[in-house]
Amino acid sequence: MIYLSGLVGFLLVLTAEARVGNSSQLEFCSETKECLLFDLVCETEDFQVRYYDSVKWVSTDETSYFMDMAAFRAFRRLFEYITGANENGEKIEMTAPVVIKISEGMYFWQKGTYTMSFLLPAKHQAKPPKPTDEQVYLQKMPAMKVYVQSYGGWMTSFSDRNKASSLSAALDLLKAEYKKGFHYAVGYNSPMKLFNRHNEVWYVVSDDPVCSSSEEED
């Protein structure tokens with residue numbers, strides 16, 4: 001019985017690590033050794049539907065009027081964590097993507113909440129070191145399906161808002177069910193990369209995903 005429970009635990013660790021894998025498996029994720037992997041559920045001309053397993057991230061919250069300002073402060077805080085601001089003083093490998101959860105429905109005079117997260121490498125998925133900064137915390141995101149729209153160039157407040165609006169409009173046209181009130185801005189590149197950049201916007205599926213395009217619906 002002890003052997004069986006130990007085996008199950010070992011398999012669970014392998015499963016968790018398997019979804020943080022070699023970047024060679026994704027053509028648009030090439031700047032880090034490891035990336036967040038997914039299963040492609042379906043694809044239309046407007047979006048993809050992907051399935052992501054539950055994985056652990058290191059995160060921090062920031063409030064600001066603009067994503068760009070919040071991202072600068074949040075990134076610096078998380079970068080300090082992976083370069084040694086943790087209980088082990090350990091340097092942790094950078095991974096991709098960097099994900100920002102963005103609250104929606106705010107008026108222009110209101111500050112929004114932005115939660116930036118770095119994906120933890122496979123070797124740290126089981127037991128990541130605790131942050132020394134009280135504004136930084138570890139979290140395990142649940143398994144989820146997401147609607148994804150990709151785009152190039154730089155991820156800014158304007159480009160993210162534009163693509164989020166584009167994706168939500170496409171989903172609303174199809175009467176797709178997705179979680180409202182927030183979306184994820186997702187970036188795969190360092191600031192040093194000037195060309196062929198890859199960004200995404202995600203909405204979390206809240207029911208069975210819709211896998212048809214607006215043209216097929218017509």
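Brief remarks follow.
- Scanning segment 16-58 for residues that are surrounded by fewer than 12 Cβ atoms within 10 Å (Cβ to Cβ) and either in a loop (DSSP other than H, G, I, E, B) or at pLDDT below 95 (or both) yields a total of 4.
- The single condition among (1) over 28 Å from D208 (Cα atoms); (2) loosely packed, with under 13 Cβ neighbours inside 10 Å; (3) not small (G, A, S) that H124 does not satisfy is (2).
- Pick from segment 81-100, criterion open to solvent by 30 Å² or more (accessible area, probe 1.4 Å) and within 19 Å of the chain's Cα centre (by Cα), ranking: nearest to T113 (Cα to Cα): M94
- Number of positions in segment 82-122 that are modelled with pLDDT under 95 and of a type in the set (K, R): 1
- Residues that are open to solvent by 70 Å² or more (accessible area, probe 1.4 Å) and among the hydrophobic types (A, V, I, L, M, F, W, C) within segment 156-182 comprise F158, L173, listed in sequence order.
- Residue match in segment 186-203 (condition: part of a strand (DSSP E or B), in contact with a helix residue (DSSP H, G or I) (Cβ under 6 Å, 6 or more places away or on another chain) and in contact (Cβ under 8 Å) with a residue 60 or more places away in the chain): no
- Being in contact (Cβ under 8 Å) with a residue 24 or more places away in the chain and open to solvent by less than 60 Å² (accessible area, probe 1.4 Å) is a property that does not hold for Q135.
- Among the residues here, V8 qualifies as out of contact with any helix residue (DSSP H, G or I) (no Cβ under 6 Å at 6 or more places or on another chain) and modelled with pLDDT under 95.
- Within segment 190-205, considering residues that are surrounded by 12 or more Cβ atoms within 10 Å (Cβ to Cβ) and at pLDDT below 95, the one farthest from G105 (Cα to Cα): K193
The values are calculated or read from the model by the stated rules, or taken from the named source; none is laboratory data. Computed from a prediction, not measured in an experiment: that's the story for all the values here. Positions of Cβ are backbone-derived with ideal geometry, glycine not excepted, and every protein chain shown enters the neighbour counts. Remember, those area values only see protein heavy atoms, side chains included, never the ligands or the DNA or RNA. Shrake-Rupley method; radii C 1.70, N 1.55, O 1.52, S 1.80 Å.
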